[in-house]
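Peer 1: Sharing a structure, written as C-alpha cells. Questions coming.
The values are calculated or read from the model by the stated rules, or taken from the named source; none is laboratory data. These figures come from a predicted structure and were not determined experimentally. FYI the Cβ positions are ideal-geometry reconstructions off the backbone, even for glycines, and counts take in every protein chain you see. These area figures cover heavy atoms from the full protein model, side chains too; ligands, DNA and RNA do not enter into them. Shrake-Rupley method; radii C 1.70, N 1.55, O 1.52, S 1.80 Å.
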Amino acid sequence: MAATKLQSNWSGVSHGTTAITRVTQVNFSQGGSLATFSGDGDIYPTVVVNLKNQPTATVTSADTATLMGIAPGSTATFSATHKDAKAATGGDILYVLANAVVENVQTTGGHGQFGSATMSLLSFSSDGTTSPLSFTRA
Amino acid sequence: MDRRPPDALLLPEAWKRGETQIERIDSILAIAEPLLQVDRSKGQRAYIRRREGGWLFVTADPLDTENYPCWHSKAEQPRYRWVLAGDSSKHGFLVEEPNHA
C-alpha cells in the first residue's frame, strides 16, 4: 500500500529511556522568532529577520503516572513517530528532538473524564549552530 | 580524493521535491541515504535538519552537530572537512572520530 501522505496518531514516543504510551497529542515546533529593526524616522520596520530559533515539543498522554514521574530539568532525546493514516509502509515520519530538557509536567482530569498529563520540553543546541530538531522517514 | 563515504551532507533545501512533507523528506533521503551508505535493514536512518542559508544538514545520527560543542576545547570549529561535490552540495568528512555532543 502506498503512503497516504496523511499522518494520524503517534507511536514510539519516548524521552530518553522512558517510553510514553496512551499518547493523545504531540507538538513539535521549530521555535522560530523574528527580530525587527526600525530607526531614525522609520514608522515601519525596515528589516525583519529570523535571528534565533528555539525548537520545542509537548506531549499529552493519559498515562499520567509516567509523565508526572519525569522531573523538570531532565535532559534526554525526545522522539516520536507520526504514523501514516492507513499504516502504509514508508509513510511514517520520525521526529527527534536532541537535548530536550523537560520544562514542566502538569496533569488534569475532569469529573467523568479520563485524566491526562502534558509535558513541555525546550531543547538546546550543543554547538549553537545545529538544530536539535531533526526528522526522517521512520 | 576521498574514497570513504561522507559522514555528513549539506544539501540545498531547494532540492526538496513533492507537495507533502513525507514526499519532501523522501526526496532528500533518496539522495542522502545512498551517499551516507545508510542501511535501513539495520535500523539506520538519515536525519535531516534545517540550516540557515537554505541548507539541509544530513547525517546518520540525530545527535551529530556541525561544529564541536561549546564546552569542547575545539568549540566553534567544524567537526567536518567539507568538500564541494560539484552539484551544489557539500560532503563532510569527520576530521577525527566523532565525539557526541
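Peer 1: Considering only region A:21-70, give the strands (runs of 3 or more DSSP E) lying wholly within it that have at least 2 residues that are open to solvent by 70 Å² or more (accessible area, probe 1.4 Å).
Peer 2: Details: elements: A:23-29, A:32-37, A:47-53, A:56-61.
In region A:21-70, the matching strands (runs of 3 or more DSSP E) lie at A:23-29, A:32-37, A:47-53.
Peer 1: Sticking with this structure for a sec: Closer than 24 Å to A:ARG137 by Cα and in contact with a Ser or Thr (Cβ under 8 Å, 6 or more places away or on another chain): which single residue out of B:ASP64, B:ASP39 fits that description? Break it down stepwise before answering.
Peer 2: Working: B:ASP39 fails: in contact with a Ser or Thr (Cβ under 8 Å, 6 or more places away or on another chain).
Result of the check over B:ASP64, B:ASP39: B:ASP64.
Peer 1: Take the residues in region B:69-88 that are free of Cβ contacts under 8 Å to residues at least 40 places away in the same chain and not in a loop (DSSP other than H, G, I, E, B), then tell me which one is most open to solvent (accessible area, probe 1.4 Å).
Peer 2: That would be B:LEU84.
Peer 1: Could you grab me the full set of residues in region B:48-68 that are of a type outside the set (D, E, K, R), open to solvent by 10 Å² or more (accessible area, probe 1.4 Å) and more than 7 Å from chain A (Cβ to nearest Cβ)?
Peer 2: Answer for region B:48-68, where residues must be of a type outside the set (D, E, K, R), open to solvent by 10 Å² or more (accessible area, probe 1.4 Å) and more than 7 Å from chain A (Cβ to nearest Cβ): B:GLY53, B:GLY54, B:TRP55, B:ALA60.
Peer 1: Another question, if that's okay. Which of (1) touching a strand residue (DSSP E or B) at 6+ places or on another chain (Cβ under 9 Å); (2) within 10 Å of chain A (Cβ to nearest Cβ) does B:GLU13 not meet, given it meets every other one?
Peer 2: With respect to (1) touching a strand residue (DSSP E or B) at 6+ places or on another chain (Cβ under 9 Å); (2) within 10 Å of chain A (Cβ to nearest Cβ), B:GLU13 is out only on (2).
Peer 1: Outside any loop (DSSP other than H, G, I, E, B), among the polar types (S, T, N, Q) and open to solvent by 50 Å² or more (accessible area, probe 1.4 Å), is that true of B:SER27? Steps first, please.
Peer 2: Values: outside any loop (DSSP other than H, G, I, E, B): yes; among the polar types (S, T, N, Q): yes; open to solvent by 50 Å² or more (accessible area, probe 1.4 Å): no.
For B:SER27, the condition - outside any loop (DSSP other than H, G, I, E, B), among the polar types (S, T, N, Q) and open to solvent by 50 Å² or more (accessible area, probe 1.4 Å) - is not met.
Peer 1: Starting from region A:3-18, take each residue that is of a type in the set (D, E, K, R) and list its partners that are open to solvent by less than 60 Å² (accessible area, probe 1.4 Å), counting only C-beta distances under 9 angstrom and pairs at least six apart or across chains.
Peer 2: Short answer, once both residue conditions are applied: A:LYS5/A:ASP84; A:LYS5/A:ALA85; A:LYS5/A:GLY91; A:LYS5/B:GLY18; A:LYS5/B:THR20; A:LYS5/B:ILE22; A:LYS5/B:GLU23.
Peer 1: Can I ask one more? Go through the residues of region B:89-97 one by one and say whether even a single one is assigned to a loop (DSSP other than H, G, I, E, B) and within 9 Å of chain A (Cβ to nearest Cβ).
Peer 2: So the first thing to find is which residues in region B:89-97 are assigned to a loop (DSSP other than H, G, I, E, B), and the list is B:89, B:95-97.
Checking the rest, the ones that are also within 9 Å of chain A (Cβ to nearest Cβ) come to none.
Within region B:89-97, not a single residue is assigned to a loop (DSSP other than H, G, I, E, B) and within 9 Å of chain A (Cβ to nearest Cβ).
Peer 1: Output the residue which, of all residues in region A:9-20 that are in a strand (DSSP E or B) and not small (Gly, Ala, Ser), is farthest from A:GLY69 (Cα to Cα).
Peer 2: Applying the first criterion (in a strand (DSSP E or B)) to region A:9-20 yields A:9-15, A:18-20.
From the residues that got through so far, the ones that are not small (Gly, Ala, Ser) too are A:9-10, A:13, A:15, A:18, A:20.
On the way: A:ASN9: 23, A:TRP10: 21, A:VAL13: 16, A:HIS15: 12, A:THR18: 10, A:ILE20: 11 Å.
Ranking the qualifying residues of region A:9-20, first place goes to A:ASN9.
Peer 1: Something else: Condition first: out of contact with any Pro (no Cβ under 9 Å at 6 or more places or on another chain) and at the interface with chain B (Cβ under 9 Å from one of its Cβ atoms). Now tell me which residues in region A:104-134 satisfy that.
Peer 2: A:THR129, A:THR130
Peer 1: When the residues of region B:30-42 are narrowed to those that are of a type in the set (Gly, Ala, Ser) and under 14 Å from the mean Cα position of the chain (by Cα), which ends up surrounded by the most Cβ atoms within 10 Å (Cβ to Cβ)?
Peer 2: First, the residues of region B:30-42 that are of a type in the set (Gly, Ala, Ser): B:30, B:32, B:41.
If we keep only those that are under 14 Å from the mean Cα position of the chain (by Cα) as well, we get B:30, B:32.
On the way: B:ALA30: 12, B:ALA32: 25.
My answer is B:ALA32.
Peer 1: I would also like to ask the following. Here is a check on your reading of the model: is A:GLY41 within 14 Å of chain B (Cβ to nearest Cβ) and either closer than 27 Å to A:LEU122 by Cβ or without any contact (Cβ under 8 Å) to a residue 60 or more places away in the chain (or both)?
Peer 2: Values: within 14 Å of chain B (Cβ to nearest Cβ): no; either closer than 27 Å to A:LEU122 by Cβ or without any contact (Cβ under 8 Å) to a residue 60 or more places away in the chain (or both): yes.
In short, no.
Peer 1: In addition: If you scan region A:57-102, which residues turn out to be modelled with pLDDT of 95 or more and at positive phi?
Peer 2: A:GLY73, A:ASN99
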